[in-house]
Amino acid sequence: MNASAEAAGVSVAHQALNLWSTNSAARYRFPQWAADEYDEILATFGPSAVIYHAAEDLPEVRTMAVFREPTNIAMDRKGSRRTLDEFYQAIVFGVGDVGDNPPGTFPELFPEGRFSDNESRNEAISAYYRNDNETCPDNKETCAAAPSYRRNLEGAYRFTNKSYRMPQIAAYARTPMRYAYKGSSYSNEEGVHVLSLVGAGFDAWQQPDYQYYFDKKTQDIRSDRQEEFYRERQIAFMIALQCAYDHRLDRIEFVPVGAGAFSVLLPRNKVLEVLRRAWESTDVQRYKST
């Protein structure tokens with residue numbers, strides 16, 4: 001990462017603290033102690049952050065990494081998406097009050113100068129996040145347009161539809177951990193290794209993955225996309241193995257990503273079966289051995 005990109009990342013991370021209050025319910029936020037010690041946590045663990053992917057369209061990977069929703073459970077965002085829009089407008093595009101941070105980190109976050117290598121998709125993503133349809137109600141010719149913030153902003157995976165799927169990414173970072181168990185408190189202040197893999201969402205019909213993969217007649221994954229769904233699970237395992245190798249780890253604690261609440265609209269144990277088959281596949285086991 002070059003110096004300007006790293007500075008942009010720090011700027012975005014500092015402003016991300018403002019999103020702590022985005023979620024209206026405390027159980028959907030990161031804990032109070034993390035907010036109180038944010039500067040120290042960022043300085044210590046921020047440089048460890050890595051985005052893993054296997055996509056060819058790097059601008060779309062960047063788009064997926066930057067434009068994310070703090071919480072999404074069955075398409076319920078659990079908080080204020082107006083705050084999220086203010087955050088993106090200020091930090092990425094330099095619109096509105098950005099405090100002490102340099103306005104507009106777009107050139108550093110998106111060095112290719114675009115959100116997608118596909119022209120029409122790039123235009124659609126740009127129009128959505130730049131929110132260019134601003135108006136100045138008093139005098140459109142002489143006064144500057146004030147930013148208008150939307151209350152229904154969505155993350156970049158919204159650009160997955162029936163004919164196209166946005167790339168799969170995974171985010172790695174070391175993070176301090178504190179938790180209580182049976183009345184006792186435990187902590188790991190040196191940081192645990194966490195890789196956030198994203199499962200395909202089938203917990204609501206509005207989910208982009210449902211639109212892309214689901215066959216309403218069979219109530220299952222479309223027959224022409226079964227192999228793609230399986231391959232994406234293989235890639236997830238390979239990403240986890242690569243992450244463990246990169247950080248010299250000899251053990252991975254897996255959870256069945258996407259096999260719980262995310263899979264309720266699929267046949268019972270469908271995702272578990274695909275995950276098991278993907279893990280046991282020759283491709284994944286060969287990758288593991290190398």
Next item on the list: Within the set of other residues whose C-beta is less than 11 Å from the C-beta of residue 116, count the net charge using Lys and Arg as +1 and Asp and Glu as -1.
Entry: -3
Notebook entry, point to check: According to the square roots a ≥ b ≥ c of the eigenvalues of the Cα gyration tensor, what is the shape class of region 246-290, taking rounded for a/c under 1.5, prolate for a/b larger than b/c otherwise, and oblate for the remainder?
Noted result: oblate
Note to self: Would region 173-290 count as rounded, prolate or oblate if I go by the C-alpha gyration tensor, calling it rounded below 1.5 in a/c and otherwise prolate when a/b exceeds b/c, oblate otherwise?
What the structure shows: oblate
Notebook entry, point to check: What is the spin-label model distance, in nm, from residue 206 to residue 290 if the labels are put 7 Å beyond Cα along the C-beta direction?
Noted result: 4.3
Check: Of the peptides 225-238, 254-267, how do they stack up when ordered by the mean number of other Cβ atoms within 10 Å, highest first?
Finding: 225-238, 254-267
Item checked: Whole-number accessible area per residue in Å² for region 149-290, which is evaluated in the context of all protein chains at 1.4 Å -> 61
Check: Given R₀ = 35 Å, FRET efficiency for residue 181-residue 45 by Cβ-Cβ distance, to 0.05?
Finding: 0.95
Next item on the list: Beta carbons within 10 angstrom, averaged per residue: use that to sort the peptides 210-217, 87-94, highest first.
Entry: 87-94, 210-217
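The values are calculated or read from the model by the stated rules, or taken from the named source; none is laboratory data. Note that this is a predicted model, so its numbers are computed, not measured. Here the Cβ is made from the backbone with ideal geometry for all residues, glycine too, and neighbour counts use every protein chain on show. Quick note on the areas: whole protein, heavy atoms, side chains included, nothing else; ligands and nucleic acids left out. Shrake-Rupley method; radii C 1.70, N 1.55, O 1.52, S 1.80 Å.
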